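What follows is a short report on a single structure.
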Amino acid sequence: MDTKSYIFLSLSQEITLSNLLYFLIILFLGVFVTSLAIIPKIRSLSLKLRFTDSSDERSSHTGTIPSFGGVAFYISYILVLFFIQPIDTNHVSLTLLSSISVMFFTGLLDDVRNLSPKIKFLGQCIAVSILMAQPDFRILTLHGFMGVYEIPLVLSVLGSMFFLLGLINAFNLIDGIDGLTGITGIIAASFYSFMFYNLGLIFIWRLV
């Protein structure tokens with residue numbers, strides 16, 4: 001057994017024996033502190049390299065602000081995916097990382113080169129398509145709603161992609177309004193946490 005596998009196996013056993021809530025709290029605090037430490041450095045680098053965003057009619061800020069704030073969140077999310085691998089029973093961490101990376105680098109290129117809407121939408125489609133490789137990210141059944149139970153594979157993939165693309169662009173639409181995206185994200189995350197927990201999708205619930 002290699003060193004990495006041994007570490008993950010040991011950590012998984014400890015998490016199983018200990019209170020999962022404590023593990024999640026420690027993970028949250030660790031990622032939160034990491035983000036706080038990284039953001040000032042990214043801000044300074046963005047200003048130094050002149051990677052900034054100017055205000056327009058949709059912006060809530062005035063003047064120019066650093067545009068690379070998403071880098072800190074990307075790094076933090078990588079840490080989360082790394083440390084939850086021992087409890088990733090469905091092995092979705094790599095799929096999530098691949099999809100998020102496509103979205104991240106699409107946004108990064110947009111900040112640097114101001115990509116066209118078609119290119120950005122293509123990046124979104126690629127990111128969502130990666131998620132479709134995992135049944136956990138697809139709408140598989142309507143549980144009897146309108147008499148529909150199991151959904152055919154093609155309709156499941158297309159319907160799930162339509163939903164996720166709509167969700168992504170809904171957040172993009174309100175991103176320029178101060179505080180609205182954050183509040184909406186918290187409300188949505190709370191709802192999905194409750195839903196995933198009650199459906200028994202514990203790993204997805206932990207990610208939310």
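Looking only at residues in the stretch 42-63 that are touching a Ser or Thr at 6+ places or on another chain (Cβ under 8 Å) and surrounded by 13 or more Cβ atoms within 10 Å (Cβ to Cβ), which one is modelled with the lowest pLDDT?
Ser55
For the structure I just gave you, tell me whether Phe171 is touching a Leu at 6+ places or on another chain (Cβ under 7 Å), within 28 Å of Ile84 (Cβ to Cβ) and at pLDDT 75 or above.
Details: touching a Leu at 6+ places or on another chain (Cβ under 7 Å): no; within 28 Å of Ile84 (Cβ to Cβ): yes; at pLDDT 75 or above: yes.
Considered against the rule, which asks whether it is touching a Leu at 6+ places or on another chain (Cβ under 7 Å), within 28 Å of Ile84 (Cβ to Cβ) and at pLDDT 75 or above, Phe171 comes out as no.
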Taking the options Leu122, Leu140, Leu115, Leu94, name whichever one is under 16 Å from the mean Cα position of the chain (by Cα) and modelled with pLDDT of 75 or more.
Leu94
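So in the stretch 123-154, with the set limited to residues that are aliphatic (A, V, I, L, M) and not in a loop (DSSP other than H, G, I, E, B), which one is farthest from Ser98 (Cα to Cα)? Break it down stepwise before answering.
Narrowing the stretch 123-154 to residues aliphatic (A, V, I, L, M): 126-128, 130-133, 139-140, 142, 146, 148, 151, 153-154.
From what's left, not in a loop (DSSP other than H, G, I, E, B): 126-128, 130-131, 146, 153-154.
Details: Ile126: 10, Ala127: 8, Val128: 10, Ile130: 7, Leu131: 9, Met146: 35, Leu153: 22, Val154: 22 Å.
The extreme case among them is Met146.
To keep it simple, each residue is scored yes or no on (1) more than 19 Å from Met161 (Cβ to Cβ); (2) of a type outside the set (Asp, Glu); (3) surrounded by fewer than 18 Cβ atoms within 10 Å (Cβ to Cβ).
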{"position": "Arg113", "(1), (2), (3)": "yes, yes, yes"}
{"position": "Phe121", "(1), (2), (3)": "no, yes, yes"}
{"position": "Ala133", "(1), (2), (3)": "no, yes, yes"}
{"position": "Arg138", "(1), (2), (3)": "no, yes, no"}
Show the residue pairs meeting these rules: Cβ distance below 6 Å; 6+ apart or different chains; first residue within the stretch 143-162 and in contact (Cβ under 8 Å) with a residue 24 or more places away in the chain; second residue surrounded by 11 or more Cβ atoms within 10 Å (Cβ to Cβ).
Val157/Met132; Ser160/Arg138; Ser160/Ile139; Met161/Val128
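Could you say whether any residue in the stretch 146-156 is within 30 Å of Val71 (Cβ to Cβ), out of contact with any His (no Cβ under 6 Å at 6 or more places or on another chain) and surrounded by fewer than 12 Cβ atoms within 10 Å (Cβ to Cβ)?
Filtering the stretch 146-156 down to residues within 30 Å of Val71 (Cβ to Cβ) leaves none.
For the stretch 146-156, residues within 30 Å of Val71 (Cβ to Cβ), out of contact with any His (no Cβ under 6 Å at 6 or more places or on another chain) and surrounded by fewer than 12 Cβ atoms within 10 Å (Cβ to Cβ): absent.
With the structure loaded, tell me whether Ile100 is among the hydrophobic types (A, V, I, L, M, F, W, C), in contact with a Ser or Thr (Cβ under 7 Å, 6 or more places away or on another chain) and modelled with pLDDT of 80 or more or whether it fails that test.
no
The values are calculated or read from the model by the stated rules, or taken from the named source; none is laboratory data. It should be emphasised that the depicted structure is a prediction, and the values quoted were computed from it without experimental measurement. As a convention, Cβ positions derive from the backbone with ideal geometry for all residues, glycine included, and neighbour counts pool all protein chains shown.
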